[in-house]
């Protein structure tokens, strides 16, 4: 996400930082480049104009012009303005286990409402204690919409409420009565989409809102549609007064114009972003973290959160003990790979590290298929071979290669890398190293 903007900003700020002193001409040139970069990222024209004007005003101040690092000061100003532009300071998403929490999902057809409803139910259950969700199928027009929601519910072990009627208010009221009987306290209403603003369907949404009095209404938009999503959001907000925006397909959107524009246009913040196809791929939106990513500062906090979700703490402690005793084997290595895979694609994880902008990523070959090959090789070994790789002679290597669909060279490379890693671990866990207080990275 934001790939094109990251690349352009990286070039602009490297030029600025390379200059010992800045003058108004330097800053004017930089602002022209920033304006162009934002417009190419499909950010609303009026927002770009205001953004550049505000940055320019602060950048030509005495504090920057007389600074020892004026280039860095300009980056700081842009960073602060980006956070302000996407700010969510007046919004807080919370669920209470002592009441029925009601959420309406609205938006255009094809924006990903149904999938996002299931993802949000899953996130709510994980994030808040005592939350038991139910999905309510109020999209009675799109073929297979109810079936899709039911299938997603079964995958997550979350019930889906459906009845055979076209009256969505009736569906909603019966669902709420059922929730009281079942002690379910989170109701997510998946509503009908539309290809454009349809007044009949908009009235249906207003009637549903009045009937259930939702705690939150979330407008779901496809980030890849850029300013179209922003314009539709404005119209939906005028008629429904929604609470926040969920942007889907952010992992496929290289520009990010919708994320940067929607708050300024509607006055309502982006609350969540969909960054993948898995039911766990729904993240809370943090303006500071997004600003950090755009300016190549990484997003370490999100990376830590992904690790905390994917990695079993008890297993991690056992593994650390094994490393200290130099008992780490290929089975342990395989388990670690499985936990890393849960965190998401490697290019996304690397992109969260500071300094990993587009230029840096070009020099790193990120191939998730290689992890698949490693898994296949280890799984083709016997338990004894995984425990004691020194036993693997020439004939065993050939058998393992054939069994994993790889080559002997692949097997040799893995065994060599594993031995090098064990040597490093042994060095890091030595008393001398531990006493030095140095870190193994």
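The values are calculated or read from the model by the stated rules, or taken from the named source; none is laboratory data. What you see is a predicted model, and the numbers here were worked out from it, not measured in a lab. Here Cβ is always computed from backbone atoms with ideal geometry, including for glycine, and neighbour counts include all displayed protein chains.
Restricting to the range 392-418, name every residue that is part of a helix (DSSP H, G or I) and surrounded by fewer than 12 Cβ atoms within 10 Å (Cβ to Cβ). Within the range 392-418, 394, 395, 409, 416 meet the criteria. In summary, residue 107 fulfils each of the numbered conditions (1) in the same structural domain as residue 271 (by TED's automatic domain parsing); (2) surrounded by fewer than 15 Cβ atoms within 10 Å (Cβ to Cβ) with the single exception of condition (2).
For the range 153-175, filtering for residues that are surrounded by 15 or more Cβ atoms within 10 Å (Cβ to Cβ) and either in contact with a helix residue (DSSP H, G or I) (Cβ under 7 Å, 6 or more places away or on another chain) or assigned to a loop (DSSP other than H, G, I, E, B) (or both) leaves 10.
For the structure I just gave you, tell me whether residue 148 is buried (at least 16 other Cβ atoms within 10 Å of the Cβ) and within 24 Å of residue 236 (Cβ to Cβ). Considered against the rule, which asks whether it is buried (at least 16 other Cβ atoms within 10 Å of the Cβ) and within 24 Å of residue 236 (Cβ to Cβ), residue 148 comes out as yes.
Filter the helices (runs of 4 or more DSSP H) completely within the range 10-116 down to those with at least 2 residues that are closer than 29 Å to residue 268 by Cβ and touching a helix residue (DSSP H, G or I) at 6+ places or on another chain (Cβ under 7 Å). Fully inside the range 10-116 and qualifying: 24-40, 45-59, 70-86. Within the range 186-213, restricting attention to residues that are under 12 Å from residue 103 (Cβ atoms) and within 26 Å of the chain's Cα centre (by Cα), the residue that is surrounded by the fewest Cβ atoms within 10 Å (Cβ to Cβ) is 187. Within the range 192-217, the residues that satisfy the criterion of being assigned to a loop (DSSP other than H, G, I, E, B) and closer than 19 Å to residue 173 by Cβ are 192, 213, 214, 215.
Taking residue 239, is it over 30 Å from residue 295 (Cβ atoms), touching a helix residue (DSSP H, G or I) at 6+ places or on another chain (Cβ under 9 Å) and in contact (Cβ under 8 Å) with a residue 12 or more places away in the chain? Steps first, answer last, please.
Details: over 30 Å from residue 295 (Cβ atoms): yes; touching a helix residue (DSSP H, G or I) at 6+ places or on another chain (Cβ under 9 Å): yes; in contact (Cβ under 8 Å) with a residue 12 or more places away in the chain: yes.
Yes, satisfied.
Quick check on the range 159-170. Is at least one of its residues in contact (Cβ under 8 Å) with a residue 40 or more places away in the chain, under 31 Å from the mean Cα position of the chain (by Cα) and in the same structural domain as residue 213 (by TED's automatic domain parsing)?
Looking for residues that are in contact (Cβ under 8 Å) with a residue 40 or more places away in the chain, under 31 Å from the mean Cα position of the chain (by Cα) and in the same structural domain as residue 213 (by TED's automatic domain parsing), one finds none in the range 159-170, hence no.
For residue 220, indicate whether it is in contact (Cβ under 8 Å) with a residue 40 or more places away in the chain, in the same structural domain as residue 186 (by TED's automatic domain parsing), buried (at least 20 other Cβ atoms within 10 Å of the Cβ) and outside any loop (DSSP other than H, G, I, E, B). Criteria met by residue 220. In summary, residue 109 fulfils each of the numbered conditions (1) within 30 Å of residue 170 (Cβ to Cβ); (2) free of Cβ contacts under 8 Å to residues at least 60 places away in the same chain with the single exception of condition (2).
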